[in-house]
Amino acid sequence: MDIATVQPNPLRAGMRHARSVQPCVMVIFGATGDLTHRKLLPALYNLALEQPLPPQFSVVGVARRPFSNDDFRQQALDSINQFSRRRPVNQAVWETFSKGLYYHQSQFDDPEGYESLVELLKQIDEERGTLGNHIFYLATPPSFYPIIADHLSAAGLARRRRAEDDSKGYARIIVEKPFGHDLQSALALNKELNKAFSERQIYRIDHYLGKETVQNIMVLRFGNGIFEPIWNRRYVDNVQITVAETLGVEGRGDYYEEAGAMRDMVQNHMMQLLTLVGMEPPVNFDADAVRDEKVKVLRAIPPLMENEIAADTVRGQYGLGMIGGQPVKGYCEEKNVAPASKTETFVALKLFIENWRWAGVPFYLRTGKRLAKRTTEIAIQFKRPPYMLFRGTGADQLQPNVLSLRIQPNEGISLFFEAKVPGQEMHLRGVNMDFLYGSSFGVEPPEAYERLLLECMLGDSTLFTRIDETEYSWTLVDSIERAWAKLPASAIPQYEPGTWGPKEADALIERDGRTWRRL
Amino acid sequence: MSETQETQQTHQAEAGASGVRGMRPVALDAVESELDNMWRDANARIAAAGGHAIARNSVLTLVAFTHGEDDARHLLRRIHALSTQHPSRAIIVAADPHDRGHDMRAYISTYTSTDLASYGEDIVVVAQSEAIRHLPGLVLPLIVSGLPAFLWWTGEPPWGSELLEALVDGSDRLIVDTTEMAHAAQSVGALDDLMRRKAGRCAVSDISWTAQTPWREVIAQFFDAPAARPYLDTIERVTIEYAAGEEDAPTNSSQAYLFAGWLASRLGWRAATSQPSGVGASREHALRDGGGRTINLEISARYGVPQRIWWQSDEAGSEVDDTPPDNGASSQNGRAQSSAQPAATAAAWVRPGALMLVHLTARLNGARATFALAREQDLAHATTLCQIPHTATPSQTIHLQSLGERSPLAAQLQELGHDSVFEEALDAAAQLMGAGPRRGVR
């Protein structure tokens, strides 16, 4: 049956899920790893329970260890029972879901392993009716990405196509972050992937885009009429984006030594938040229309010049200290971290989007580990009123209006404004008007991976990162990293765990006559 | 958020409160001001304990109409347990036409979850028979301004009465459950009539429709597959079975007919005969598609299935309880057990008239295909069967509750506008049941 000629299904009209998932096989490379067991398998099970996925849906786990299908199924069951938000597993649903789980033992660079994978996929396509639709999920160290893509291509599984032609089944590939280590390596990786897969087949995951509250940024801006008219340099004084963690590197020292806060957080998650806040309204909600606008924002951020680095960026590294009354290691004492490491665990930046909407409005970004609170927030700080009408209260005493979008935890939106304190005198006091997701929509949102895996199965790449987004964000990050590399180690101040980072970060924003929001 | 109902606490349970247990009696003209006071007191206590004040987020008003104070208590439990849309204000009207008198009383309470993540306020209005006609004047001003207002009428509404018309006109959506009504055909017909009269103002909806959503989704999903799609145009026979209690008790087939109406309206089928054939538990209908092809429809009752009015159940949180009934049945090694085994079925039940089986057969170029979804013995799951020549399709077991079968009210509150698919299905169902005016299905 040629998929391209299938008539629309009239029974789909008005359904909760207007788009239908075609039967497919998801091949997970790195099937024994943490990501697969903590996130991917629980997400797939949750989808099967709540959507449901088509009965033909199947999973092939690929890894080096010698497991049987039954071993893999048991491990998957254990993982779902431990990590799924719908645990414990529903036995009856699991029984049919698990029949579609397979394990394929292979080295990632073994051509014979791919030949036998081809046979297994043929068998599944025939036995379970998965129509030759294959999604390859690379849950492996990034160094394997080009190797796996190359072998998939050699085995005829990549089916590289530029145009929309999935009539004989589709092949898609999902790659995890980090996508490259810098611009050069990202381009090189992309070139390798492009030998096997065209851009429309590649889904670069940034799990922040799967979060409900991140998607709500677009709804807030473009689903309401009242915000967009003031969402510009006439009314906005500055924008602050904070991604703060209380945890340290938690045993991932080897990865973090290579990445640092800049590559781990700024290049991907924070740039996504910034582009969603800064973008123009897209002409529609199609993948390319949305991503075109996001790319325009990135293009409008000029890479920092070396002479701007000292003033507009701050690095930091957490030292020994206490959090919640418990002693914590300093970064350089962490496992797999060099004793004299120069890797930053904190970054603060000031950036400008040089376009008509945002010219002159600073975007302050800060992120770090071992900070005072775990919180992710975007704060739109508006300009003060130009003239203080009320005697006895100076305009400079008024606090500016702030619209804060809390991504996590306590997801919600707050508007801070001034109100009169009841009484004979004209005293003004700042108050918060709070919208909390939890109290208005008490439903437990799906995990970010559930949404993203489903979007990939549906062939919608809106919530995935396009290559030019990656390129522009690396260009910016590279400009900073290059300048930092020339600075002495003393340029990385240490900060006390449980604080909001080094005092230099406060100085960065205070030089502009502003302060970080107290979170 | 199924734990919410476990952790909710009512703020005010005044000593000496009479009437609705745990609620504060208030004068009819002081409901709003007393609610303000109650929130102020609650915030003062929270502030004294070092907590943050509660803001009164507003999402919607739900007016629920029922008959007695016991039913009001059941309804409050269900409303508090709602997970997907939290009503900022619930107004429960307990009006008993057999309780002679002119008395009308009001009670209020506010509640929060212990983590302060969810909260709301309740108003219960109890009216004796002679006071019922005055209810709109009390209830309508209590609807929160500018927010969606839902009117949920349990049992059979007084079709055509001034009371119903006034409350419907003050609401955005009327929610009923035709399976709770004594005469399915009359109820479906009356709802169809109200829907047409109120078109453009108040939308109407049937909890029976949302409760069968998983069935429609799975049946629709069969035909997403390219190999199955051509068979959708060649369906020859449809068999629908619905749950009935004892053989001598009345059965309610409205859910089965709504399902048949959905197929008919989506696929352009019309009733070929004005009356069904068949006796006893089974009814046979002949339908025709646009090309004149005949489709046979059989609707049958399956007797002896345990049934309950879902909101009257004392089972905790049946609106939101997402715990599979067989959770405790997993074996030590965690291996799956047969889905066909009746698991912990002691409390297994379905709503009256719930779908038990949908079975479609189609023939294309002489080849026969079968598509079926059958409820398992445990009543909580259903399993698919898809047989298409030269095509492999595995069976799949679904957990109906996880797909929304037992949370129909939450799903209803997510919809605001008219649901044209439901309205067309209702219209078609009314015709099949002989309850609607003779018009084209589409």
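Being modelled with pLDDT of 90 or more and surrounded by fewer than 20 Cβ atoms within 10 Å (Cβ to Cβ) narrows it down to one of B:Arg173, B:Arg105, B:Arg133, B:Arg100, so name that one.
On inspection, the qualifying residue turns out to be B:Arg105.
Condition test on A:Ala338, is it more than 16 Å from A:Thr462 (Cβ to Cβ), assigned to a loop (DSSP other than H, G, I, E, B) and either among the hydroxyl-bearing types (Ser, Thr, Tyr) or open to solvent by less than 50 Å² (accessible area, probe 1.4 Å) (or both)?
When the stated conditions are applied, A:Ala338 passes them.
Please give the number of the condition B:Glu241 fails out of (1) away from chain A (no Cβ under 14 Å); (2) over 15 Å from B:Ala354 (Cβ atoms); (3) not in a loop (DSSP other than H, G, I, E, B).
The number of the failed condition is (2).
Of the residues that make up region A:293-304, is at least one among the charged types (D, E, K, R) and part of a loop (DSSP other than H, G, I, E, B)?
No; the residues of region A:293-304 include none that is among the charged types (D, E, K, R) and part of a loop (DSSP other than H, G, I, E, B).
Within the group A:Ala18, A:Ala13, which residue is facing another protein chain (nearest Cβ under 8 Å), on the phi < 0 side of the Ramachandran plot and surrounded by fewer than 21 Cβ atoms within 10 Å (Cβ to Cβ)?
A:Ala13
Outside any loop (DSSP other than H, G, I, E, B), open to solvent by 20 Å² or more (accessible area, probe 1.4 Å) and within 14 Å of another protein chain (Cβ to nearest Cβ): which single residue out of A:Glu126, A:Glu119, A:Glu112 fits that description?
A:Glu126
Would you point out which residue out of A:Arg384, A:Arg357 is assigned to a loop (DSSP other than H, G, I, E, B), at pLDDT 95 or above and more than 29 Å from A:Gly260 (Cα to Cα)?
A:Arg357
Starting from residues that are outside any strand (DSSP E or B) and either acidic (Asp, Glu) or modelled with pLDDT of 95 or more (or both), keep the ones in region B:350-392 and report whichever is most open to solvent (accessible area, probe 1.4 Å).
B:Glu376
Tell me the residue from B:Ser395, B:Ser407 that is open to solvent by 50 Å² or more (accessible area, probe 1.4 Å), in contact (Cβ under 8 Å) with a residue 12 or more places away in the chain and either at the interface with another protein chain (Cβ under 8 Å from one of its Cβ atoms) or within 26 Å of the chain's Cα centre (by Cα) (or both), please.
Exactly one residue qualifies, and that residue is B:Ser395.
Here is a list of conditions, (1) open to solvent by less than 50 Å² (accessible area, probe 1.4 Å); (2) in a loop (DSSP other than H, G, I, E, B); (3) modelled with pLDDT of 95 or more, and A:Gln107 meets all of them except one; can you say which number that is?
(1)
Return the residues of region A:31-50 that are of a type in the set (S, T, N, Q) and buried (at least 21 other Cβ atoms within 10 Å of the Cβ); say none if nothing qualifies.
Across region A:31-50, the qualifying residues are A:Thr36, A:Asn46.
Tell me which residues, restricted to region A:73-104, are more than 9 Å from chain B (Cβ to nearest Cβ), open to solvent by less than 10 Å² (accessible area, probe 1.4 Å) and of a type outside the set (S, T, N, Q).
A:Ala76, A:Ile80, A:Leu101, listed by residue number.
Taking region A:496-519 as the region of interest, how many residues are within 13 Å of A:Thr367 (Cα to Cα) and touching a Phe, Trp or Tyr at 6+ places or on another chain (Cβ under 6 Å)?
2
With the condition kept exactly as written, say whether any residue in region A:22-37 is polar (S, T, N, Q) and more than 25 Å from the chain's Cα centre (by Cα).
Within region A:22-37, one or more residues are polar (S, T, N, Q) and more than 25 Å from the chain's Cα centre (by Cα).
Just for region A:348-380: of the residues that are under 18 Å from A:Met270 (Cα atoms) and among the polar types (S, T, N, Q), which one is surrounded by the fewest Cβ atoms within 10 Å (Cβ to Cβ)?
It comes out as A:Thr375.
Just checking, does region A:429-447 include any residue being hydrophobic (A, V, I, L, M, F, W, C), touching a residue at least 12 places away in the same chain (Cβ under 8 Å) and touching a Lys or Arg at 6+ places or on another chain (Cβ under 8 Å)?
Among the residues of region A:429-447, not one is hydrophobic (A, V, I, L, M, F, W, C), touching a residue at least 12 places away in the same chain (Cβ under 8 Å) and touching a Lys or Arg at 6+ places or on another chain (Cβ under 8 Å), which makes the answer no.
Go through A:Glu450, A:Glu425 for me and flag whichever is open to solvent by 40 Å² or more (accessible area, probe 1.4 Å) and farther than 23 Å from A:Glu306 by Cβ.
A:Glu425
Sort through B:Arg201, B:Arg237, B:Arg288 and tell me the only one that's at pLDDT 90 or above, more than 27 Å from B:Glu376 (Cα to Cα) and either polar (S, T, N, Q) or open to solvent by 20 Å² or more (accessible area, probe 1.4 Å) (or both).
Of B:Arg201, B:Arg237, B:Arg288, the one residue that is at pLDDT 90 or above, more than 27 Å from B:Glu376 (Cα to Cα) and either polar (S, T, N, Q) or open to solvent by 20 Å² or more (accessible area, probe 1.4 Å) (or both) is B:Arg288.
Would you mind telling me which numbered condition in (1) among the acidic types (Asp, Glu); (2) surrounded by fewer than 23 Cβ atoms within 10 Å (Cβ to Cβ); (3) closer than 23 Å to A:Asp478 by Cβ A:Glu250 fails?
(3)
What residue, of B:Ala249, B:Ala243, B:Ala281, B:Ala260, is in contact with a helix residue (DSSP H, G or I) (Cβ under 7 Å, 6 or more places away or on another chain) and farther than 25 Å from B:Pro389 by Cα?
B:Ala260
Has region A:51-72 got at least one residue that is in contact with a Leu (Cβ under 6 Å, 6 or more places away or on another chain), assigned to a strand (DSSP E or B) and open to solvent by 10 Å² or more (accessible area, probe 1.4 Å)?
No, region A:51-72 contains no residue that is in contact with a Leu (Cβ under 6 Å, 6 or more places away or on another chain), assigned to a strand (DSSP E or B) and open to solvent by 10 Å² or more (accessible area, probe 1.4 Å).
Which of (1) under 22 Å from B:Arg406 (Cβ atoms); (2) in contact (Cβ under 8 Å) with a residue 40 or more places away in the chain; (3) part of a helix (DSSP H, G or I) is the odd one out, the single condition B:Gln221 does not satisfy?
For B:Gln221, the exception is condition (2).
Out of region A:309-335, which residues are in a helix (DSSP H, G or I) and either crowded, with 22+ Cβ neighbours inside 10 Å or over 25 Å from the mean Cα position of the chain (by Cα) (or both)?
A:Ile309, A:Ala310, A:Ala311, A:Tyr331, A:Cys332, A:Glu333
So, in region A:256-308, of the ones that are within 28 Å of A:Gly330 (Cβ to Cβ) and among the charged types (D, E, K, R), which residue ends up surrounded by the fewest Cβ atoms within 10 Å (Cβ to Cβ)?
The qualifying residue surrounded by the fewest Cβ atoms within 10 Å (Cβ to Cβ) is A:Glu258.
Taking region A:466-519 as the region of interest, how many residues are open to solvent by less than 20 Å² (accessible area, probe 1.4 Å) and part of a strand (DSSP E or B)?
1
Quick one: would you say B:Asp248 is assigned to a helix (DSSP H, G or I) and more than 14 Å from chain A (Cβ to nearest Cβ)?
Against the criterion (assigned to a helix (DSSP H, G or I) and more than 14 Å from chain A (Cβ to nearest Cβ)), B:Asp248 does not qualify.
Here is a yes/no grid of residues against (1) out of contact with any Pro (no Cβ under 9 Å at 6 or more places or on another chain); (2) among the charged types (D, E, K, R):
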position: A:Asn307; (1), (2): yes, no
position: A:Ala311; (1), (2): yes, no
position: A:Leu320; (1), (2): no, no
position: A:Ile323; (1), (2): no, no
position: A:Lys350; (1), (2): no, yes
position: A:Arg357; (1), (2): yes, yes
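The values are calculated or read from the model by the stated rules, or taken from the named source; none is laboratory data. All figures in this text were calculated on a predicted structure; none of them were measured in a lab. Every residue, glycine among them, receives a Cβ derived from its backbone with ideal geometry; neighbour counts consider all protein chains shown. When the accessible area is computed, the model is the full protein with side chains, heavy atoms only, and any ligands, DNA or RNA have been set aside. Shrake-Rupley method; radii C 1.70, N 1.55, O 1.52, S 1.80 Å.
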